[in-house]
Amino acid sequence: EDFEKCEGTEPCINKWNGKFWMDSDKGDGGASEVSYEFSQGETSNVAKLTYLLDRGTITDYDPFVRIAIDVNESGIRDLSTCKVVKYDYKGSRHNFRVRSIYDVGYNYHMKGVPKSDTWKTETVIVASQLRQQYGWGIEVDIADVMKRATVFDWDIQAPSGTEGVLEIDNVRCLNVPVYTVTFMDGEDEVDYATVVAGDMPKCDNCGYWNKSPSESHEYTFSGKITPEIVAATANTS
């Protein structure tokens, strides 16, 4: 969904024959102020959420707002071939969530996404990065969820007084391979990355991997990796 056919604050029918819509805590006693519009971004139309959180009469959790996109209004579309979800965003920290027809007690599968002051493409690997909250709600396997997914949403929950903007664009569901790239130092595993086909793997721990001193010598990672890192095309070390 690229929102090119959406305008103003009118309801928008998306390319999955569902709607793009807004949700907030007002039904639970919250008083958050929230609005959304479809507006011209830097290069194309975007969905823009503006909010000011207010807990109102809520006492046991922080207020929330959400923007959501129906992906399966009929409840019969099988999205199990959706291995990767990608979308472009700019703005507030949020949780990307997948809802399904299964009763999960509102314990939806989700991934936390950090704030970004510039446009960024978020890649969500469905099988390994979407998780339910531990110890709360009914546990459902993500493979079953994707077979009857109904909604993708972008959830913002924070203390009263928090305000911000979140812009979303180019939401896509991809059936592409996902690979594991393992980084080794001899026989020692330093790190591993789960990577979408065609993306560049990154070793987050390599810069911190220092060998223990041996006699008077201390060994520090040089920054060079062999073989040279290239776009992922298979599971590899």
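All of 202, 224 fail the test of being surrounded by 11 or more Cβ atoms within 10 Å (Cβ to Cβ) and part of a loop (DSSP other than H, G, I, E, B), apart from 202.
Taken together, the criteria exclude residue 144 from residues that are within 18 Å of the chain's Cα centre (by Cα) and at pLDDT 90 or above.
Applying a threshold of 6 Å to beta carbon distances and a minimum spacing of six or more residues, or different chains, the list of pairs starting in the range 1-24 at a residue that is closer than 16 Å to residue 49 by Cβ and ending at one that is open to solvent by 40 Å² or more (accessible area, probe 1.4 Å) and assigned to a loop (DSSP other than H, G, I, E, B) reads 1/15; 19/11. Considering only residues that are crowded, with 22+ Cβ neighbours inside 10 Å and in contact with a Ser or Thr (Cβ under 8 Å, 6 or more places away or on another chain), which ones fall in the range 147-157? Scanning the range 147-157 gives 149, 156. Taken over the range 89-131, the criterion of being part of a strand (DSSP E or B), open to solvent by 50 Å² or more (accessible area, probe 1.4 Å) and touching a residue at least 60 places away in the same chain (Cβ under 8 Å) is satisfied by 90, 119. Within the range 34-50, the set of residues being under 12 Å from residue 6 (Cβ atoms) and part of a strand (DSSP E or B) comprises 36, 37, 38, 39, 40, 45, 46, 47, 48.
Within the range 28-51, being of a type outside the set (Ser, Thr, Tyr) and modelled with pLDDT under 90 holds for 40, 41, 42.
Report yes if some residue within the range 63-75 is closer than 15 Å to residue 145 by Cα, modelled with pLDDT of 90 or more, part of a strand (DSSP E or B) and touching a Gly at 6+ places or on another chain (Cβ under 9 Å); otherwise report no. The answer is yes, given that some residue of the range 63-75 is closer than 15 Å to residue 145 by Cα, modelled with pLDDT of 90 or more, part of a strand (DSSP E or B) and touching a Gly at 6+ places or on another chain (Cβ under 9 Å).
Annotation: of all residues in the range 1-33 being in contact with a Pro (Cβ under 6 Å, 6 or more places away or on another chain) and not in a loop (DSSP other than H, G, I, E, B), the one that is nearest to residue 164 (Cα to Cα) is 25. The one condition from (1) more than 30 Å from residue 2 (Cβ to Cβ); (2) part of a loop (DSSP other than H, G, I, E, B); (3) among the polar types (S, T, N, Q); (4) modelled with pLDDT of 90 or more that residue 182 does not meet is (2). Within the range 158-179, being β-branched (Val, Ile, Thr) and either open to solvent by 50 Å² or more (accessible area, probe 1.4 Å) or not in a loop (DSSP other than H, G, I, E, B) (or both) holds for 165, 168, 171, 178. Each residue in the range 132-146 was checked for being buried (at least 19 other Cβ atoms within 10 Å of the Cβ) and either out of contact with any His (no Cβ under 8 Å at 6 or more places or on another chain) or of a type in the set (Gly, Ala, Ser) (or both), and 1 of them qualify.
The values are calculated or read from the model by the stated rules, or taken from the named source; none is laboratory data. Everything numeric here is computed off the predicted structure, so don't read it as measured data. So basically every Cβ, Gly included, is an ideal-geometry build from the backbone, and we count neighbours across all protein chains shown. Each accessible area value is taken on the protein alone, full model and side chains, heavy atoms only, with ligands, DNA and RNA left out. Shrake-Rupley method; radii C 1.70, N 1.55, O 1.52, S 1.80 Å.
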